[in-house]
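What follows is a set of notes on a single structure, which appears directly below.
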Ligand SMILES: C[S@@+](CC[C@H](N)C(=O)[O-])C[C@H]1O[C@@H](n2cnc3c(N)ncnc32)[C@H](O)[C@@H]1O
């Protein structure tokens, strides 16, 4: 059996690695990195290499890289498009594991934030396991997510006392997903979806590039700051070529 570790690396800076993740990094034989093409993707790859250099020493670890297959634009069924993309990634990773990992060795994949939150690595590795029965065991190292760092930076809870909260995507927010909710965390936006919904009675707690040198935070009543914040999103995307942002919408009592 070979072991594949999905190591949650936190939302950017190396200071968010847990002690368990550092231990896992030190105890991994080969790292696998599927690199995406496109604006900002090299920055995400660099963040992974920086973490590996820090904990293993520059050039002192085995790393296998391959180009990540592009995701088709979701014209029709979004879930079909994603499933197809996962299948292609699983095929590539399965072949890399077969080629570069010897029996008894451990492979590692550094996962942005926490592997269980809006990340496809677990689903992809399950496919690899299904395609190569009894060959690979999966181990997940949990991590600080961007959602937790957002709450920490604004010094807020994610929900009211004893209340619940919804974590959703910009796509679902625009489809009416915030209706009736008191606390809604939104991920996978980058196009200021918050400015396209009814501000109702929401406050927004927003953060971009959290945990990096470019971190930006803003908070206030959505109706008052949505337009200016949308302009910030546009400006920062232009400046960096990409943006990672996340926010919590909280209904005022
Ligand atoms: C593919 S998901 C990965 C989430 C990740 N697994 C986590 O636990 O944070 C990417 C989304 O997470 C959020 N995100 C991840 N890292 C972030 C960061 N450093 N600053 C702000 N948002 C971030 C953004 O909403 C982004 O669109």
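Starting from the range 122-142, take each residue that is farther than 20 Å from residue 9 by Cβ and assigned by TED's automatic domain parsing to the domain that holds residue 93 and list its partners that are loosely packed, with under 13 Cβ neighbours inside 10 Å and modelled with pLDDT of 95 or more, counting only C-beta distances under 6 angstrom and pairs at least six apart or across chains. Between residues of the range 122-142 that are farther than 20 Å from residue 9 by Cβ and assigned by TED's automatic domain parsing to the domain that holds residue 93 and residues that are loosely packed, with under 13 Cβ neighbours inside 10 Å and modelled with pLDDT of 95 or more, there is no close pair.
For the range 67-99, a tally of residues being under 17 Å from residue 31 (Cα atoms) and at pLDDT below 90 returns 2.
The C-beta contact set for the range 148-162 (first residue farther than 18 Å from residue 113 by Cβ, second residue assigned to a helix (DSSP H, G or I), distance under 7 angstrom, 6+ apart or interchain) comprises 157/151. Of note, residue 124 satisfies the criterion of being surrounded by 15 or more Cβ atoms within 10 Å (Cβ to Cβ), within 19 Å of residue 89 (Cβ to Cβ) and at pLDDT 95 or above.
With within 13 Å of the ligand (Cβ to nearest atom), at pLDDT 95 or above and within 19 Å of the chain's Cα centre (by Cα) as the only criterion, which of 169, 212 stands out?
Numbers: 212 fails: at pLDDT 95 or above.
One residue alone meets the criteria, 169.
If I filter the range 106-119 for residues that are assigned by TED's automatic domain parsing to the domain that holds residue 64, over 26 Å from residue 84 (Cα atoms), surrounded by 16 or more Cβ atoms within 10 Å (Cβ to Cβ) and away from the ligand (no atom under 16 Å from the Cβ), do I get at least one hit? Yes: the range 106-119 contains one or more residues that are assigned by TED's automatic domain parsing to the domain that holds residue 64, over 26 Å from residue 84 (Cα atoms), surrounded by 16 or more Cβ atoms within 10 Å (Cβ to Cβ) and away from the ligand (no atom under 16 Å from the Cβ). Scanning the range 137-162 for residues that are part of a helix (DSSP H, G or I), more than 14 Å from the chain's Cα centre (by Cα) and farther than 18 Å from residue 252 by Cβ turns up 152, 153. Inspect the range 128-136 for any residue being under 24 Å from residue 18 (Cβ atoms) and either at pLDDT 95 or above or not in a helix (DSSP H, G or I) (or both) and give the result as yes or no. Within the range 128-136, one or more residues are under 24 Å from residue 18 (Cβ atoms) and either at pLDDT 95 or above or not in a helix (DSSP H, G or I) (or both).
Being assigned by TED's automatic domain parsing to the domain that holds residue 153, under 22 Å from the mean Cα position of the chain (by Cα), more than 9 Å from the ligand (Cβ to nearest atom) and in contact (Cβ under 8 Å) with a residue 40 or more places away in the chain is true of residue 191. Answer yes if at least one residue in the range 172-186 is touching a helix residue (DSSP H, G or I) at 6+ places or on another chain (Cβ under 9 Å) and near the ligand (Cβ under 10 Å from one of its atoms), and no otherwise. Scanning the range 172-186 turns up at least one residue that is touching a helix residue (DSSP H, G or I) at 6+ places or on another chain (Cβ under 9 Å) and near the ligand (Cβ under 10 Å from one of its atoms). Taking only the range 138-156 into account, find how many residues are more than 8 Å from the ligand (Cβ to nearest atom) and within 14 Å of residue 184 (Cβ to Cβ). Adding up the residues that qualify gives 2.
The values are calculated or read from the model by the stated rules, or taken from the named source; none is laboratory data. What you see is a predicted model; the values in this text were computed from it and never measured. Because the Cβ atoms are built from the backbone with ideal geometry, glycine has one as well, and the counts that use them run over all protein chains shown.
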